[in-house]
Amino acid sequence: MNNNILADFRHNDWNIDKILIFIIPLIFIAILFFMHEEWLLESLLLCTVIFFYILLIYKHRMVYGYSGIRIASIPSSIVAAFTVFISIPSIYILMIKDNPNEIQYYYSIIIFYLIFPMGLYLGKSIRMIDEVKVKKLLISKVAKSYNDKYYYEILIILFSISMLIFCGYLMRVNELPLIELIRNPGSSTRYFFMREEALKLLEMSRLEKYMFIWLRSLFIPIGIVGSLYLMVEYRKKKYNVLFILFFIVGLIINSITLEKFPIAAIFVAIGTFYLLKKDHISFRFMLLFVFLILTGPLLITYLLIIEREGIFEIIFWSYIDRLFVIPSEVLFYYFEIFPDIHPFLLGSSSQLFSWMHTEGTFPVSNYVAKIWWNMPDTSGSANAVYIGNFWSDFGWYGVIISTIVLGFIAHLLQWKILTVSDYKKNFLFIVSIAAAVPSFTFGFISANFTNIFFTKGLILLICFLFIYEYMKKYFSIIKV
């Protein structure tokens, strides 16, 4: 039986890391022949450290490597997102920028591949992931559970809580940007300010703001994927109704402020569900997955600039820029500004440390936006990957220590999800992974990981997993 499982695994294994081991040397040679000598060293160095990372984690590739994307592993999602949206575009950023701090910017990206594994292996030394079971998980079917009927009750409660939070938000706003955009498309500048007023400038308590953010980034994805799981696996009318309600309400809530990531996060979560459920992933599925993720943001952008000439060309290049240039470029500005324009913040940019500063929390993303956009009065934010925040706070100490901590946390979170779900593709595993993946892909490249866990509410998911594990042990003892 075990031989059959391993044979099936070899047949289905997405060994992206093995492919990259052969492809990267070819890229290395191509760079030697075709890359301009000004950026030759940087390009070769990037290839080298990615190659080294793959060799370093190769035995654990289904958890730490690019191959782990097949089961939506959290460490794999982090390293893949970092490579595609931060590392590779950094070469282009070096081409278009000219600043003495570009070396520090580039080396902060390079050392990610050397230090992130330290955190992963540190976590591994404390809590070991059973990688034989992970490999079996790759080819296993969705596992139904007796507890699934209770998850339906939990989702009903979650839907009720979500509606209460949303109603509370509606009581605070005078205009809804989404409704106004549908009524009067165009005038992107006007809707930019409406979007700011819809959340950032709104007179709401901190708890109210947190709850609305948790609603969009955690409750809605969990509700949609959880109800979708029940609908697909059991095909009962009540599950169908719950999914439709969660999906429609989720689309409204996550697009109401005209922010694009929350609406994309819904389809990332749904795509992750099907990625985990399907035995084989085709190229056609991947194209459909990407199309669905971009549908909501593209529609909003279309309505915002509907009056411009050459609208489709503008949208195409704006999204290429937004996805593959801006995440790395905004990080560059953190290195340009700190400490040359402003001294290091010594923790004041994060609420984890700002309590030690009498002036309170420093709005670092807004400060960077003011300088980058040359708009002193803007309320916008230039959010960067976690490196930017920790560099602006503590320099190299912040970058190095935070990268180790990120690897450590990523391993432990993946371990917790796997152990609580008993290494099965059950409700808990699929919903937990699907809810976390948006935050560790598109969310990761434009937010500090402390923001992902606390502001976006992922800490609530972790608390639920601990409570569930405790209750499971408690009731098993009572049963005995």
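The values are calculated or read from the model by the stated rules, or taken from the named source; none is laboratory data. None of these values were measured; they are calculated from a predicted model. Note that each Cβ is placed from the backbone with ideal geometry, even for glycine, and that neighbours are counted across all protein chains shown. Note: areas computed on protein heavy atoms with side chains; ligands, DNA, RNA excluded. Shrake-Rupley method; radii C 1.70, N 1.55, O 1.52, S 1.80 Å.
Taking only protein heavy atoms and a 1.4 Å probe, the accessible area of the chain is 67% carbon and sulfur. When R284, R308 are compared by accessible area of protein heavy atoms, the largest-first order is R284, R308, using a 1.4 Å probe. In this structure K141 has an accessible area near 130 Å², from a 1.4 Å probe over the protein heavy atoms. Accessible surface for segment 231-351, divided over its residues, is 50 Å² per residue with a 1.4 Å probe. Rounded to the nearest 10 square angstrom, M163 shows an accessible area of 60 square angstrom against a 1.4 Å probe. Accessible surface comparison of E37, E469, probe 1.4 Å, protein chains only, largest first: the order is E37, E469.
With every protein chain in place and a 1.4 angstrom probe, the accessible-area ranking of Y474, Y169, largest first, reads Y474, Y169. Counting only heavy atoms of the protein chains and using a 1.4 Å probe, M471 has close to 70 Å² of accessible surface. Most tightly packed first, judged by the mean number of other beta-carbon atoms within 10 Å of their residues, the peptides 382-392, 396-406 read 382-392, 396-406. Go through [x] 19; [y] 35; [z] 53 and flag the label whose value is the computed percent of Cα pairs over 41 Å apart for this structure. Of the listed options [x] 19; [y] 35; [z] 53, [x] comes from this structure. Bridgeable aspartates and glutamates around K237 (alpha carbons under 18 Å apart, same-chain partners fewer than 8 residues away excluded): D148, E153.
Excluding same-chain neighbours fewer than eight residues apart, the aspartates and glutamates reachable from K456 by a Cα-Cα span under 14 Å are E208. Only lysines eight or more places from K136 in sequence, or on another chain, were considered; those with a Cα closer than 23 Å are K18, K59, K124, K144, K277, K278, K416, K424, K425.
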